[in-house]
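Structure first, then comments.
The values are calculated or read from the model by the stated rules, or taken from the named source; none is laboratory data. Quick caveat: nothing in here was measured; it's all calculated off a predicted structure. Heads up, the Cβs are rebuilt from the backbone with ideal geometry, glycines too, and the neighbour counts pull from every protein chain shown. Areas reflect the complete protein model, heavy atoms only, side chains present, ligands, DNA and RNA absent. Shrake-Rupley method; radii C 1.70, N 1.55, O 1.52, S 1.80 Å.
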Amino acid sequence: MDYKDMQFNTKVIHAGQVHDPVTGAHVSPIYQTSTFVMPSTEEAIRLNQNQDQGFTYTRFGSPSAAELERKIAILEHAEAALAVGSGMAAISTSLLTVLKSGDHLIAGDVIYGCTFALITKVLTDLGIEITLVDTSDLSQVEAAIKPNTKCIYIETPANPTLRVSDIAGAAEIAHNIGAKLIIDSTFASPYLQNPLDLGADIVVHSATKYLCGHGTVVAGVLAGSKELIDRARFPILQVFGAVISPFDAWLLMQGMKTLGMRMERHCSNAMKIAQFLEKHPQVEKVYYPGLPTHPTHEVAKKQMKNGFGGMMSVDVKGGIEAGKILMDNLEVVTLATSLGNIDSLIQHSPTMSHFDMTKEEREKVSINDGQVRLSIGAEDVDDLIADLDRGLKIVANKLNG
Ligand SMILES: *Cc1c(COP(=O)(O)O)cnc(C)c1O
C-alpha cells in the first residue's frame, strides 16, 4: 500500500520508519555517531564527493535525520525534506537557498519575532532588499513586486495574531514573476494544511512546536522539490552547519506519532476556550481563526483542514498590567514562551516573542500591549476554562480595587 492512499494517523505513525534489520529493534536506534566507517578508500572518495549516496559525517546527514526527513516528506506531500537544528535554521536555510545579494524579498508584516529580526536586520545587511506587507491582502503583495523580486515569505496562521493568508493566491502571484513562495506552517502542522499542495515551493516548520509536541527538542524542518532541498543541504546546511543531532531527530519522531491525536484535541479545546473568552467581561478581543469574528476566518475555513489549531491571542482589558496579573495567577497554564506542547502555555507577545519590533511596528499589526498568547494544550478543557476564569477574576479584582 502506498502512503498516498493512507490517512493521516496511519501515515504519521508508520511513514519513514525502519525496523532495525540487525537486531530486530522495533523502534530504530539512535545513530549517535559523528562519523561513518568507509568500506574502502575508493568508496570513501565517491561518498565524500557526493558521487554515491550514503553517510560520511553527521553534519552532511545521518540515519536518524534521514528517517525523520522521509516522514516529513510524506506528511507534507513533498519530493524531499531536510531536518535542521532549529526552526530558525529551517527559515534561514530556506531563505538563503532562494535569495542572493541584489534580490528583493516580500515578507509578511506579522511573523515570528526572530524571523522579523533575520529579515529586517541580517538579510538587509547581506544586500537583500525587503518589503513587509499584510500578506492576507494579496493586492498589497502584488503592489510590492519589483523587477528583482525572487521570493515571497509568509507565515500562516501568523504569530501572534493568527492572521491567515491565502497560500494558493500568493503562489500564483509568485510563479507569475518566477519567484519562490516559502510558507512557515508551524502553527498549523501538516495535520491542518499542506502548503505544497496549494502551490508553495518550500514549507518550513519549527519542529520544536507541534511536531515534537512535548517541549523536549529544539529543531526545524523544511520540505519541497528535490532540487530545492538538495540545494538547501549542499551547500547551505553543509557550510552554515545548523545540523540536527541524531538524538533530537529520534525524539522528534517519537513525539510525531501522536501528532494527529494531539491536534484533534488542541483544535477542539481551543475552539471551546475561544468561545468562552470571547464572551468574558474581562476580555477585549480574541484572535482565533475558528471564530467567525476573526478577520481571516473565511480564508482559514477554505484553506485549513480538520480545524483551526490550538493557538490564540487575547487582548485582556486593562493593558499590560492586566496581562501580567493574568499570567502570574494561572495554576494549570504555564507561563513560558514556545507553543505546541501537550500542556498549555501562556506568554506576553509584546515583551517576549515580539520584543524585536518597536511599539509602532507592533501596534500597526494589532500586537497590542495587553495581548497574551495562549497555546492550548491537551488537558481536560473544563480545567483550562476554570483556570483562565479564576485568573481573569483576579485581574478584575486587582484592577477595579
Ligand atoms: C518558534 C517559531 C519559530 C522559530 O523556531 P525555533 O525552533 O525556536 O528556532 C519560527 N516560526 C514560528 C511561527 C515559530 O512559532
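Observations on the model:
- Within segment 87-113, considering residues that are under 23 Å from VAL217 (Cβ atoms) and in contact with an Asp or Glu (Cβ under 7 Å, 6 or more places away or on another chain), the one nearest to the ligand (Cβ to nearest atom): TYR112
- Test: residue in segment 291-302 that is at pLDDT 95 or above and part of a strand (DSSP E or B): no
- Qualifying residue in segment 63-76 (condition: without any contact (Cβ under 8 Å) to a residue 40 or more places away in the chain and either open to solvent by less than 20 Å² (accessible area, probe 1.4 Å) or more than 16 Å from the ligand (Cβ to nearest atom) (or both)): yes
- From the list ALA81, ALA44, the lone residue that is over 19 Å from VAL218 (Cβ atoms) and among the small types (Gly, Ala, Ser) is ALA44.
- Going through (1) free of Cβ contacts under 8 Å to residues at least 12 places away in the same chain; (2) closer than 20 Å to VAL110 by Cβ one by one, ASN176 falls short only on (2).
- Selection count, segment 303-329, where residues are part of a loop (DSSP other than H, G, I, E, B) and either surrounded by fewer than 16 Cβ atoms within 10 Å (Cβ to Cβ) or in the same structural domain as PRO157 (by TED's automatic domain parsing) (or both): 2
- Among the residues making up segment 162-178, those that are over 17 Å from LEU192 (Cβ atoms) and in contact with a Leu (Cβ under 8 Å, 6 or more places away or on another chain) are GLY169, ALA170, ALA171, ILE173, ALA174, HIS175.
- Qualifying positions in segment 115-166 - charged (D, E, K, R) and under 26 Å from MET311 (Cα atoms): ASP134, ASP137, GLU155, ARG163, ASP166
- Scanning segment 114-147 for residues that are of a type outside the set (Gly, Ala, Ser), farther than 17 Å from PRO195 by Cα and within 16 Å of the ligand (Cβ to nearest atom) yields CYS114, THR115, PHE116, LEU118, ILE119, THR120, LYS121, VAL122, LEU123, LEU132.
- For segment 116-130, the criterion of being buried (at least 18 other Cβ atoms within 10 Å of the Cβ), more than 26 Å from MET256 (Cα to Cα), under 16 Å from the mean Cα position of the chain (by Cα) and in contact (Cβ under 8 Å) with a residue 12 or more places away in the chain is satisfied by at least one residue.
- Tally of residues being away from the ligand (no atom under 11 Å from the Cβ), aliphatic (A, V, I, L, M) and closer than 18 Å to CYS267 by Cα across segment 187-213: 1
- Failed item, numbered, when VAL84 is tested on (1) at pLDDT 95 or above; (2) away from the ligand (no atom under 16 Å from the Cβ): (2)
- Test for VAL381: is it in the same structural domain as MET327 (by TED's automatic domain parsing), modelled with pLDDT of 90 or more, out of contact with any strand residue (DSSP E or B) (no Cβ under 7 Å at 6 or more places or on another chain) and crowded, with 18+ Cβ neighbours inside 10 Å: yes
- Some residue of segment 148-161 being surrounded by fewer than 16 Cβ atoms within 10 Å (Cβ to Cβ), assigned by TED's automatic domain parsing to the domain that holds PRO190 and over 18 Å from GLN193 (Cβ atoms): yes
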